[in-house]
1. Mind checking which helices in chain A clear 18 Å along their axis (Cα) and have mean Kyte-Doolittle hydropathy of 0.0 or more, DSSP H runs only?
2. Starting from the 7 Å offset along Cα-to-Cβ, what nm value, one decimal, do you get for the label separation of A:Ile233 and B:Trp100?
3. For every helix of n ≥ 4 consecutive DSSP H residues, a contribution of -39,500 (n - 2.57) applies; sum these over chain A, divide by its total residues, and give [θ] at 222 nm rounded to the nearest 500 deg cm²/dmol.
4. Mean separation of Cα pairs under 8 Å and 6+ residues apart, divided by the residue count of chain B: what relative contact order is that in percent?
5. What's the exposure ranking of A:Leu486, A:Leu336, going from fewest to most Cβ atoms within 10 Å?
6. Please list, in chain and number order, the residues 5+ apart from A:Ser13 or on another chain whose amide H is under 5 Å from its amide H, with Hs placed from the backbone.
7. Residues of A:460-466, mean number of Cβ from any other protein chain within 10 Å of their own Cβ, rounded to a whole number?
8. Taking every residue in B:10-23, how many Cβ atoms of other protein chains lie within 10 Å of its Cβ, on average?
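Rule-based calculations on the coordinates, nothing more; no lab input. Quantities reported herein were computed from a predicted structural model and do not represent experimental measurements. Here the Cβ positions follow ideal geometry from the backbone for every residue, glycine too, while neighbour counts run over all protein chains shown.
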Amino acid sequence: MIEAPPVQGRRTSPLIVLVHTVTFRQARSFVPAAIGLAAAVGFNGGTPAVVALAVGATLVSLATAVLSWWRFSYADGPTAVVVTRGVLARSVRTVPNDRIRGVEVEAPVLHQIFGLVRVRIDAAAGAVPGKEEELVVDGVPRAEGDRLRAGLLTRRPVTVPDAAAPPVEQDDVEEEFARFDNRWLLYAPLVGSYLVLPLAAVGALFRLADELPRSLTPQLPGPDAFNLKGLAIFLGVTALVLAVGAVVGAAVVNWGFRLVRRRGSLVAVRGLITRRQTELEIDRIRGVTLAEGLGMRLVQAARVSALVTGLGDAARRGQLLPLGPREEALTLAHRLVEEPGPLLRHPVAARRRRLMRAVGSGVLVTVAGGIATATLGWWWLLAVGVVLTLLAVPLGLGRYASLGHAVGRTSFSVRSGWLAREQAVLQRRAVVGWTVRQSFLQRRAGLATVVACVGAGSGGYAALDMAADEVAGFAVAASGTWAATLTTR
Amino acid sequence: MDPMTRTLSPVRKPAWSLSRSAIWLWITQGIIGSLVVGLAVVAFSLLVPGDEGPLPLLRWAAPVLAVLYVVVAVGVRPFVRYRVHRWEITGDSVYTLTGWLTRTWTLVPVARIQTVDVTRGVLQQLFGLASIAVLTASSQGTVRVPHLEVDVAERVAEDLARRAEQVRDEAT
C-alpha cells in the first residue's frame with residue numbers, strides 16, 4: 001500500500017562512532033565471550049597483557065561502531081519513515097507516518113559533548129503489545145533531531161478537529177502547563193520508586209565490597225561490639241542515606257522538568273544528566289491517572305500521567321507531573337480531562353468484602369497457630385496469626401476507603417489501591433468496551449466489578465465492588481448509548 | 001425474570017445460547033482431564049509406599065477426590081457452562097457472558113472493533129465448532145465467543161468485520 005519513498009537515505013553523524021566506541025555500545029555483546037576467551041587462554045601476562053587487552057577491546061569496539069554506523073540509514077519520506085540497519089542480517093523497517101504516536105529527543109552526556117541527540121520514534125502498538133514498537137535514530141546533530149521531530153509530527157494526516165477542543169492553531173505559541181519546583185524534591189523520600197534508587201546503589205556497593213581482596217576491606221568490629229546505641233545510629237544513618245539518595249535520584253531524573261503545550265502537542269523536558277524531551281499529541285490523550293502512594297498521601301503529594309492511545313512505555317513517557325503537591329496535580333489533570341465530580345463511596349458490603357479479603361490470610365495463620373498450640377505447644381505461630389489479623393483490619397478499611405467512582409458530563413473516574421492508590425480520570429470516548437465480573441461471593445453480596453476497557457495505559461480501569469444494580473447505569477452514563485445493551489434488548 | 005435474580009445479576013443476560021455440540025466438547029475435555037487425573041492417582045498408589053504418617057489417609061483421599069473431579073468435570077461442569085455461556089450481537093455491539101463460578105459479561109461496540117478472528121482447535125474440528133475473538137485497541141477489551149457452529153461463526157465474523165469497517169470512528 002505504501003509506495004517506496006524516493007527519498008535518499010540519510011546517515012547519522014560520524015561523530016556517533018566515537019560515542020559508541022567509548023560506551024562499547026555494539027561491542028557490549030562480545031564481553032562475555034571475551035572474558036571466556038581470556039579465562040581459557042590464561043591470564044597471567046602482567047601489565048603488558050592488560051594494556052594489550054584494553055587496546056584490543058577498544059579496537060573491536062571501534063570496528064563494530066564503524067560497521068553499524070556504516071550500515072545504518074534512515075529516511076523520512078512523505079508517507080513513511082524507513083530505517084535500514086543490521087551488520088550481517090539486514091533489516092528494513094517501514095513505519096507509516098499516520099502510525100507515529102510520539103517522537104522523543106534525548107541528549108545523554110556524551111552526546112551533548114559532540115552536539116548530538118538520540119531520536120526515538122514511537123509507533124502505534126495496536127492490540128499486540130511488544131517492545132519492538134519503536135525506531136531509534138541514534139546520533140544526529142541537534143538541529144537535525146529537531147527537524148525530524150517537527151517534520152514527523154506535522155506531516156501526519158490531520159485528524160478531524162474536535163469542535164469542543166480548545167483552539168490550538170496559533171503557531172509556535174507555547175503555553176506552560178507545569179514547571180517543577182525544586183522544593184518538591186523533598187517529597188522523594190516518601191515515594192517508593194525513588195527510595196529504590198539508593199537501595200540499588202547500596203546493593204551494588206556491597207557486591208563490589210565482596211569482590212575486593214581481603215587486605216583492602218576495612219576491619220569492622222564484630223557483631224558482638226554492637227549495642228542498642230550502635231543499632232540506633234546504624235538505623236539513623238541508613239534512613240538518612242536512603243532519604244538523601246532518593247532526593248538526589250529524583251533530582252537527576254526530574255531536574256528542570258517543564259511541561260508546555262506547543263500547537264497540538266504537550267512537550268515535556270526533564271533530566272539533569274540526560275536531557276529528555278517527550279512529545280505527546282493532545283488529541284490522543286484519553287485520560288489521566290493520579291497516583292498517590294501511602295507515603296505521598298501523608299504529605300499531600302501526587303503524580304500525574306497521561307493515558308495516550310498507542311503509546312509504548314507509557315509509565316515513563318506519559319508523565320505529566322513526576323512529583324508535586326496534590327492541588328497542583330489535580331489542577332493539571334482537570335485541565336486535560338474535565339473533572340467528573342466528587343467520588344461516590346461503594347456500598348457497605350464492599351467494606352465487608354475488603355475486610356474479609358484482608359484478614360483472610362491472618363485468620364488462616366491464627367487457626368493453624370491454635371492447632372499448633374494445642375498439639376505441639378508452638379504459641380508463637382498463634383501470636384503471629386493474631387498480629388497479622390489485627391494489622392489487616394486497618395489495611396482492609398484503607399482499601400475500602402480508596403474505592404470510589406464518579407461520572408461527569410464528558411468524563412468519569414475510578415479509584416482503588418491502598419499502598420499505591422491510583423485514580424484514573426477518563427474521557428467518555430476512551431471506552432472501547434465494558435467487562436463486568438462477578439464471583440460467587442460477589443453475587444451473594446450483591447456486588448460486581450466493572451472494568452472500563454481503554455486502548456491506552458494498562459488497558460483497563462476497574463471499579464471494584466460496585467453495587468450490582470448500579471453497574472448498568474454507570475456504564476451508560478460513562479460511555480454512550482451503546483452501553484444500554486447491558487440492560488435492554 | 002423474577003425480582004430475586006434481578007437483584008443478583010448486575011446486567012441482563014445476552015439472548016443466544018452456544019451450539020449444543022459445545023456440551024459434548026466440554027464433556028470430551030472433561031474425560032481427557034479425568035484420564036490424566038486417573039493416571040496420576042494410579043501412579044501415586046503404585047509408586048508411593050506408605051504405611052506411616054499422613055500417607056495412608058492420602059491413599060484413601062486421592063481416589064475419592066479423583067472420582068469427585070470426574071463427576072464434576074464430566075457430569076456437572078459442561079451443563080452448567082452451557083447454561084451460563086450466552087452471546088448476542090445487537091445493532092451496535094457484541095455482548096457475551098462467560099464463566100462458570102465467576103461470571104464475566106463483556107460488551108464491545110461495533111464501532112471500536114479492530115479485528116475479528118475465527119479459530120478452530122483440534123477438538124473443535126471434531127465437533128464442527130469454531131470460536132470468534134473480537135479484538136479492540138485495549139488488551140483487556142477482547143470479546144471471545146467460544147464454540148459456535150462453523151458456518152455461524154464465519155458468517156458472524158464476516159458481518160462484524162464489514163460493519164466495523166463502515167462505522168469505525170476512531171477505533172481507539
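1. A:47-70, A:192-211, A:228-254, A:348-375, A:379-402
2. Distance between the two pseudo-spin positions: 6.3 nm.
3. Counting only the DSSP helices, I get -13000 deg cm²/dmol.
4. 22
5. By the 10 Å Cβ count, ascending, the order reads A:Leu336, A:Leu486.
6. The answer is A:Val140.
7. Mean number of neighbouring Cβ atoms from other chains: 1.
8. 3
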